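Take a look at the structure below.
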Amino acid sequence: MSNGIGRISLRLALLAAVVSTIGCDRLTKHVASTTLPEGQVHSYLADTIRLVYVENPGGFLGLGADLPGVWRMALFTIVTGTILLGTAAAAARLRLRGWPLMGVCLLVAGGASNWIDRVLRGSVVDFLNVGVGPLRTGVFNVADMAIMLGAAVLVFATVSRHED
């Protein structure tokens, strides 16, 4: 009985992680798109954090932004959607558990939220930039953080498993 309750608790925790990741990303993108004028930079914490509204029609750091619209749509909506579904299906088929499953859930949740932007807007809303002096990140969003965290969790879980 407790094993069944444990599985239900884990599934609820994973569902909560996915829903809260997508919800937080959608909310912050809405706030950014309604309150930040395009191109205007707001600087905080001695310019460590910058908020700037950008619509990214490309992929990571704008890669592919110059592709013709049909190719961008095919690559960033059809191919990405297929990869997201395939990743979720592979995680289920492989019966991932624990940290590897959490990593995949964060990857898929972040990817899905950016995918929603692409379907609805044709581009992804980005608004965060961090750095010190000239050393800065590209402009990103909460979904991108979830994707990176998910990838880090997967790598850490894989390395830890192979060290045992």
Would the range 59-71 turn up any residue that is out of contact with any Cys (no Cβ under 7 Å at 6 or more places or on another chain), of a type in the set (D, E, K, R) and in contact (Cβ under 8 Å) with a residue 24 or more places away in the chain?
no
Residues of the range 107-164 being among the aromatic types (Phe, Trp, Tyr) and in contact with a Gly (Cβ under 7 Å, 6 or more places away or on another chain), in sequence order, are TRP115
Members of the range 89-143 that are more than 20 Å from GLY39 (Cα to Cα) and assigned to a loop (DSSP other than H, G, I, E, B):
LEU94, ARG95, LEU96, ARG97
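To keep it simple, each residue is scored yes or no on (1) among the basic types (Lys, Arg); (2) buried (at least 18 other Cβ atoms within 10 Å of the Cβ); (3) more than 19 Å from ASP25 (Cα to Cα).
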{"residue": "LEU36", "(1), (2), (3)": "no, no, no"}
{"residue": "VAL41", "(1), (2), (3)": "no, no, yes"}
{"residue": "GLY58", "(1), (2), (3)": "no, no, no"}
{"residue": "ARG72", "(1), (2), (3)": "yes, yes, yes"}
{"residue": "LEU85", "(1), (2), (3)": "no, no, yes"}
{"residue": "GLY98", "(1), (2), (3)": "no, no, yes"}
{"residue": "ARG121", "(1), (2), (3)": "yes, no, no"}
{"residue": "GLY133", "(1), (2), (3)": "no, no, yes"}
Restricting the range 42-60 to residues that are β-branched (Val, Ile, Thr) and modelled with pLDDT of 95 or more, which is farthest from the chain's Cα centre (by Cα)?
THR48
I need a count of the residues in the range 60-70 that are more than 21 Å from ASN141 (Cα to Cα) and surrounded by 14 or more Cβ atoms within 10 Å (Cβ to Cβ).
1
Lone qualifier among VAL159, VAL124 - being free of Cβ contacts under 8 Å to residues at least 40 places away in the same chain and of a type in the set (Val, Ile, Thr)
VAL159
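The values are calculated or read from the model by the stated rules, or taken from the named source; none is laboratory data. What you see is a predicted model; the values in this text were computed from it and never measured. We place every Cβ from the backbone using ideal geometry, glycine too, and count neighbours over all the protein chains shown.
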